[in-house]
Amino acid sequence: MCPAEKDQSGDQHADPPDQHADRPADENADPPADRTEDPADVAPVDPADVAPVDPAEVSPVDPTADAAAEVPDAEPELAGTHRQNRREATEDASTARSEVRHPSNVDSEVGAPAGPISFVRRREIEAVHHEIELNSGNPARTLVGVRKYREALFTNYFRARAPFVVTWPDNLYIPADADYRTYWSSPAPDDHRFRYRWANGRDGLPDGSDASEKTGRLFSWVNASAMTSGDIGFAGTGVTLVPRASLSSVTVTASVDLVAESRWWFLPAGPIGFAAFSYRGTAYVAGWEIDPITGAWELLSPFGSRTLFAFDESGKGGSAISSQRHAFTDLSVTLQLRGSRTYAIGVALEAQISFECRDKSGTPYAPQPGDDVKLWASIAGIVPSITLTT
């Protein structure tokens, strides 16, 4: 304790008591200036005297602890606010501990394809390429190489359909004589095969069009070269269906692969005042209700269709044969059917030519010797399957 000092008046005073003697020291506060240790007075620490620290005894540091201490008290915010969306530190978040994550007990599958998706046996193809180009100057040998090239493409790029090992699907219908193994592993029931076929004729006789429920092949043909009248050719095939439910909605979808061709060639020998021609080719999927007494078919509405070709020509002239290839699996329509009634569901291909031709007097043009007229159209297609989905 310091000795008492005298002031100018001669009175004796004691040192003032420490006002903070009873307050605990702040661990984070800076020491007073008179208590600051001189680094020179601190004895160095021998590393050998420091005990090693076991990592298992070290507690993890919560990274949100300091951030939470700096967040002032605030009113709780509603869910979905910008603060919660940004996942800022809040009182609740600051006290939460990170969830302990354990290793997954699911083993990863180790494997890879044999090669890229476009991988084929290029060596065989390249050998045929070389043979074709080597013999390009010899037409006969080139054709031999082209045949090898064609077979190599189909052999190396395409694979046969693999069989399935399940029961026949209830919604799948196929041609009557189709090999079920190209569709499924088990035989198709008889009522899941095509049953109907129809095609146009003339005077009760065939007129070029043809249809087969056994193979699913359809061919529609129209020829207006005689210029007697416009005409339409059609061919179709289908299945029979007797719904069990009192009222059902059935979606009919057909797969169709076809080629459509047509020719307009009109060079008449006589004078022409007016000539107009219209061509149209269409694929249909539709349903008919069959009368149990008369057997007549009544077309249901709606029906699905796909236009294959449609064009108009006028006057004299001609063009090369037009050939178009089509393949689609989405020719469909949804029908409302009543139970215990018999329906036919099928696909039809129709080719149509209509025209109007008059001479200079305005009367219909009469064919004459020397006319060069070729007005025809055809559609050849295969229907490999029809699906009926309820």
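Taking amide hydrogens as modeled 1.01 Å from N in the peptide plane, which residues meet the under 5 Å criterion relative to Arg195, leaving out close sequence neighbours?
It is Gly238, Val239, Thr240, by chain and number.
If I model a spin label at Ser332 and Phe303 as a point 7 Å from the Cα along the Cα→Cβ vector, what separation in nanometres do I get?
Taking the two extended label points, one gets 2.0 nm.
Starting at the first residue of region 191-207, write each ³J(HN,Hα) from the Karplus equation 6.51 cos²θ - 1.76 cosθ + 1.60 with θ = phi - 60°, in whole Hz, x for Gly and Pro.
Taking θ as phi minus 60°, the curve returns 7, 10, 10, 4, 10, 10, 8, 7, 7, 6, x, 9, 6, x, 10, x, 10 Hz for region 191-207.
For Leu172, Leu205, Leu331, which order do you get if you count the other beta carbons within 10 Å of each Cβ and list the fewest first?
Ordered from fewest to most neighbouring Cβ atoms within 10 Å, Leu172, Leu205, Leu331 come out as Leu205, Leu172, Leu331.
Ranking Ile379, Ile321, Ile293 by Cβ neighbours within 10 Å, fewest first, what do you get?
Starting with the residue having the fewest Cβ neighbours, the order is Ile293, Ile321, Ile379.
Using Cα pairs closer than 8 Å and at least 6 residues apart in sequence, work out the relative contact order for region 172-389, in percent.
34 percent
Applying the Karplus parametrisation 6.51 cos²θ - 1.76 cosθ + 1.60 with θ = phi - 60° to the phi angles of region 344-353, what ³J(HN,Hα) value in whole Hz is obtained for each residue in order, glycine and proline being reported as x?
Karplus values, whole Hz, x for Gly and Pro: 10, 10, x, 10, 9, 10, 10, 10, 9, 10.
Can you sort Tyr173, Tyr365, Tyr196 by how many other beta carbons sit within 10 Å, fewest first?
Ascending Cβ contact count within 10 Å gives the list Tyr196, Tyr365, Tyr173.
Which ³J(HN,Hα) values in Hz, rounded to whole numbers, follow from the phi angles of region 169-175 under the Karplus curve 6.51 cos²θ - 1.76 cosθ + 1.60, where θ = phi - 60° and Gly and Pro get x?
For region 169-175, the Karplus curve yields x, 5, 9, 9, 10, 10, x Hz.
Stretch Phe154-Ser248 to full length: gain in nm at 0.36 nm per residue minus the Cα-Cα span?
Result for the pair: 29.5 nm of gain on full extension.
Suppose R0 equals 41 Å. What FRET efficiency, 1/(1 + (r/R0)^6) with r the Cβ-Cβ distance, do Ala296 and Ser225 give to the nearest 0.05?
Step by step, r from the Cβ atoms, then E = 0.75.
Any read-out appearing in this document is the output of simple, stated calculations on the displayed coordinates, not a laboratory observation. Model, not experiment: these values are computed from the prediction. As a convention, Cβ positions derive from the backbone with ideal geometry for all residues, glycine included, and neighbour counts pool all protein chains shown.
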